[in-house]
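Colleague: The structure is given below, and queries will be raised subsequently.
The values are calculated or read from the model by the stated rules, or taken from the named source; none is laboratory data. Worth saying up front: this structure is predicted, and the values here are computed from it rather than measured. All Cβ positions, even for glycine, are placed from backbone atoms using ideal geometry, and neighbour counts span all protein chains on display.
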Ligand code: DX5
Ligand code: ZN
């Protein structure tokens, strides 16, 4: 059994209905979202383009929980002033996308934001180890970044376990976040068991099968059960 306070749910608005975005953000906030996961895609680091800061501002205007901003953009250092505008937001960059990862992480910290580094399914944990002591969040991508609704890659659990061992042994503060293919089933349960304390969930929360509150309740129940 995992204590509710320990695991945060971060619904990803990439799966939301964009014609009703403001209301969906309000609804998921009322349903108990701990963070709102915001996927910014540039069409270079990943093949698709999602949205820019105008939409991020609109999301922020409809919630009082911190945004967990996932920058799937090449050289995110050029866009930090655009997206790291509000100190309570968390900024996540990709290890593969930064020219100088350590200095990008430092810059985000200097701006007053919590900072996270994400690694793709094909990227080794060793790529992020050097900056791990500086991080608030390390994020394991459990799908290839670029789209919601993909199946969870089971090998991601080994990466979460390895990160947890390193973090615990060294006494680092970083939380482990997992992004991609998380459902209210063994993917959520096993991720938490492996050491993840922030779960991103897109299509599991925003879908046509159930209401947002019901989906949130099921996800929470699955983590606790
Ligand atoms: C994928 C994005 C994810 C995505 C998750 O590139 O980073 O945040 O929205 O969606 P699901 O939970 O449907 O895999
Ligand atoms: Zn994401």
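Colleague: For region 175-192, give me each residue that is more than 18 Å from the chain's Cα centre (by Cα) and either under 22 Å from residue 70 (Cα atoms) or in contact (Cβ under 8 Å) with a residue 12 or more places away in the chain (or both).
Modeller: 185
Colleague: Turning to a different aspect of this structure: Looking only at residues that are assigned to a loop (DSSP other than H, G, I, E, B) and either surrounded by 12 or more Cβ atoms within 10 Å (Cβ to Cβ) or within 16 Å of the chain's Cα centre (by Cα) (or both) in region 1-13, which one is modelled with the lowest pLDDT?
Modeller: 2
Colleague: Test residue 163 against the stated conditions and say whether it is more than 16 Å from ligand 2 (Cβ to nearest atom), touching a strand residue (DSSP E or B) at 6+ places or on another chain (Cβ under 6 Å) and either part of a loop (DSSP other than H, G, I, E, B) or over 18 Å from residue 97 (Cα atoms) (or both).
Modeller: yes
Colleague: So which residues in region 14-34 are touching a strand residue (DSSP E or B) at 6+ places or on another chain (Cβ under 6 Å) and surrounded by fewer than 22 Cβ atoms within 10 Å (Cβ to Cβ), if there are any at all?
Modeller: Selection gives 34 alone.
Colleague: Right, here's the next one. Can you list the helices (runs of 4 or more DSSP H) lying wholly within region 57-136 that have 2 or more residues being within 28 Å of residue 171 (Cβ to Cβ) and touching a helix residue (DSSP H, G or I) at 6+ places or on another chain (Cβ under 9 Å)?
Modeller: In region 57-136, the matching helices (runs of 4 or more DSSP H) lie at 101-110, 126-129.
Colleague: I would also like to ask the following. Just a yes or no: is a residue in region 146-156 modelled with pLDDT of 95 or more and buried (at least 23 other Cβ atoms within 10 Å of the Cβ)?
Modeller: There is at least one residue in region 146-156 that is modelled with pLDDT of 95 or more and buried (at least 23 other Cβ atoms within 10 Å of the Cβ).
Colleague: Within region 212-224, work out how many residues are out of contact with any helix residue (DSSP H, G or I) (no Cβ under 8 Å at 6 or more places or on another chain) and touching a residue at least 24 places away in the same chain (Cβ under 8 Å).
Modeller: 4
Colleague: All but one of (1) within 23 Å of residue 219 (Cβ to Cβ); (2) surrounded by 15 or more Cβ atoms within 10 Å (Cβ to Cβ) hold for residue 119; which doesn't?
Modeller: (1)
Colleague: Can you tell me which of 69, 49 is surrounded by fewer than 19 Cβ atoms within 10 Å (Cβ to Cβ) and either without any contact (Cβ under 8 Å) to a residue 12 or more places away in the chain or closer than 20 Å to residue 141 by Cβ (or both)?
Modeller: 49
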